[in-house]
Amino acid sequence: MTRHVALVPAAGVGARFGAATPKQYVRLAGKTVLQHSAEVLLACDQIDAVAIVVSAADGHIDSVYPSSGLPEKLHILHCGGDSRAETVRNGTQALLAQGLLAADDWLLVHDAARCCLPATALQRLLDAVAPHPVGGLLAMPLADTLKRANGQHSVAATLNRSHLWQAQTPQMFRAGLLQQALADADLNQITDESSAVEALGLQPLLVEGDSRNFKLTRAQDAILAECLLRHSQESA
């Protein structure tokens, strides 16, 4: 039977966020960003396992998820790389090697810093991608007017946004396909899993995401995330 496994790359330091600790360990609404991101995956009945991939030198994960008390579906892998793409590649290989993942299983990669993913958006992805031959990702049609800058930070052109989407996560592909895509790719050029799969000449499915599913990048993003998380807790 095909399984669904989620992988959360969490080996980065989040330099642009400007916190004393990596941004995945910043506390918002009573929990770390990483906990919020992982819990929506752990709560989904269709997801059989969740793997958080941290660096070998990570000094924070044990205080968040002690090895002696991990949730049943949760696994911690200490094989993160120097880039997000390398971390996903290493985590995928480790899951396959440990028998926690098979080539035909669906692998959902979700950013640790997207801590406000609504369960409804996750379910929409699972339902839409299930029959698709390639896989797909959550994304949002671009709403803002898009400008291309020149070298002096002046507008060089206004771009047609009618076919432009902003990628989100999770991104969902068969594990064997994603492993092949990442093995064949120049990881320095890969910014998400979809771009690696696209490099094989394939066309992933775009599934409309949710504006709440934004990625914490700068310190001010935490203000909105805190509000959304507290509202979700109060509504539960």
Being farther than 20 Å from Ala102 by Cα and in contact with a Cys (Cβ under 9 Å, 6 or more places away or on another chain) is the filter here, so list the residues in region 40-80 that pass it. Val40, Val54, Ser55, Ala56
Inside region 18-32, can you point out the residues that are outside any loop (DSSP other than H, G, I, E, B) and over 30 Å from Ala102 (Cβ atoms)? Lys23, Tyr25, Arg27, Leu28, Lys31, Thr32
Identify the single condition in (1) modelled with pLDDT under 95; (2) under 20 Å from Ser83 (Cβ atoms); (3) assigned to a loop (DSSP other than H, G, I, E, B) that Gln152 does not satisfy, given that it satisfies every other one. (2)
Hey, can you tell me all the residues within region 74-98 that are within 12 Å of Val54 (Cα to Cα) and in a loop (DSSP other than H, G, I, E, B)? His78, Cys79, Gly80, Gly81, Asp82, Ser83
Among (1) at pLDDT 95 or above; (2) exposed (fewer than 10 other Cβ atoms within 10 Å of the Cβ) - the single one Leu164 does not satisfy: (2)
Can you confirm whether Ala102 is in a loop (DSSP other than H, G, I, E, B), surrounded by fewer than 18 Cβ atoms within 10 Å (Cβ to Cβ) and touching a residue at least 40 places away in the same chain (Cβ under 8 Å)? yes
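Taking region 177-188 as the search range and keeping residues that are more than 18 Å from the chain's Cα centre (by Cα) and part of a helix (DSSP H, G or I), which one is surrounded by the most Cβ atoms within 10 Å (Cβ to Cβ)?
This residue is Gln180.
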So Ala11, is it in contact with a Ser or Thr (Cβ under 8 Å, 6 or more places away or on another chain) and in a loop (DSSP other than H, G, I, E, B): yes
What pairs come up if the first residue lies in region 190-206 and is of a type in the set (S, T, N, Q), the second is at pLDDT 95 or above, and their beta carbons are under 7 Å apart, counting only those six or more places apart or on different chains? Ser194/Leu137; Ser194/Ala167; Ser194/Gln171; Ser194/Pro204; Gln203/Val134
Lone qualifier among Leu70, Leu42 - being of a type outside the set (Lys, Arg) and at pLDDT 95 or above: Leu42
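Is there a residue in region 111-118 that is farther than 30 Å from Arg230 by Cβ, in contact with a strand residue (DSSP E or B) (Cβ under 8 Å, 6 or more places away or on another chain) and not aromatic (Phe, Trp, Tyr)?
So the first thing to find is which residues in region 111-118 are farther than 30 Å from Arg230 by Cβ, and the list is none.
There is no residue in region 111-118 that is farther than 30 Å from Arg230 by Cβ, in contact with a strand residue (DSSP E or B) (Cβ under 8 Å, 6 or more places away or on another chain) and not aromatic (Phe, Trp, Tyr).
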Among the residues listed as Arg124, Arg89, Arg84, Arg148, the single one being charged (D, E, K, R) and out of contact with any strand residue (DSSP E or B) (no Cβ under 9 Å at 6 or more places or on another chain): Arg89
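The values are calculated or read from the model by the stated rules, or taken from the named source; none is laboratory data. What you see is a predicted model, and the numbers here were worked out from it, not measured in a lab. All Cβ positions, glycine included, derive from the backbone under ideal geometry; neighbour counts span all protein chains shown.
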